[in-house]
Amino acid sequence: MKFVSRIEAMAGRGLAGDRYALGMGSYSKSKGVRDVTLIEIEALWDFFHASGIDLHPSLTRRNIVTEGVRLSELIGCSFSIGTVSLFGLRACPPCRHLARLVGIPEVLGGLAHSGGIYAQVVSDGIISVGDEVVSSSASPRDSNVHA
């Protein structure tokens with residue numbers, strides 16, 4: 001995974017240059033929308049405190065790392081990041097493929113309930129580091145895109 005300070009989001013496709021937007025992801029042919037994946041930095045901190053394993057955000061293979069927002073609360077909700085409208089779809093627990101790629105089998109159990117969420121990109125736009133995550137279903141949260 002590569003860090004970028006801003007990225008173009010494309011409605012119904014995902015993020016510009018992402019393996020799933022290009023149809024080259026490991027699960028591209030599987031059913032289910034995989035436009036964007038998000039994970040909370042707090043989940044990685046909790047994983048470190050519980051396991052002693054420092055899992056860098058890039059190793060999670062999630063597109064967006066947030067801070068200060070409970071992503072599980074966005075499932076079934078519309079929300080925005082920057083100029084992009086999204087819809088929270090479902091939980092995104094770590095898979096065996098991820099555990100094999102990073103060589104850390106502990107991620108399967110350690111992030112089973114905090115591996116992030118899948119979201120559908122509803123409108124084109126730009127997401128930048130520092131953008132707020134704003135739920136359309138609730139009041140704005142003091143949260144942002146971490147990296």
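The values are calculated or read from the model by the stated rules, or taken from the named source; none is laboratory data. Only a predicted model underlies this, so the values are computations on that prediction, with no experimental measurement involved. Glycine gets a Cβ as well: all are built from the backbone with ideal geometry, and neighbour counts include every protein chain shown.
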Only one of ARG100, ARG96 is modelled with pLDDT under 95, over 21 Å from GLY76 (Cβ atoms), among the charged types (D, E, K, R) and in contact with a Leu (Cβ under 9 Å, 6 or more places away or on another chain). Can you tell me which?
ARG96
ALA43: passes all of (1) farther than 15 Å from GLU106 by Cα; (2) at pLDDT below 90; (3) among the aliphatic types (A, V, I, L, M) but (1)
Can you run down the residue pairs with Cβ atoms below 6 Å, 6 or more apart or on separate chains, where the first is in the stretch 45-73 and within 22 Å of VAL133 (Cα to Cα) and the partner is at pLDDT 90 or above and of a type in the set (Asp, Glu)?
THR66/GLU40; LEU71/GLU40
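Can you find a residue that is loosely packed, with under 15 Cβ neighbours inside 10 Å and farther than 17 Å from ILE7 by Cβ anywhere in the stretch 85-92?
Yes: the stretch 85-92 contains one or more residues that are loosely packed, with under 15 Cβ neighbours inside 10 Å and farther than 17 Å from ILE7 by Cβ.
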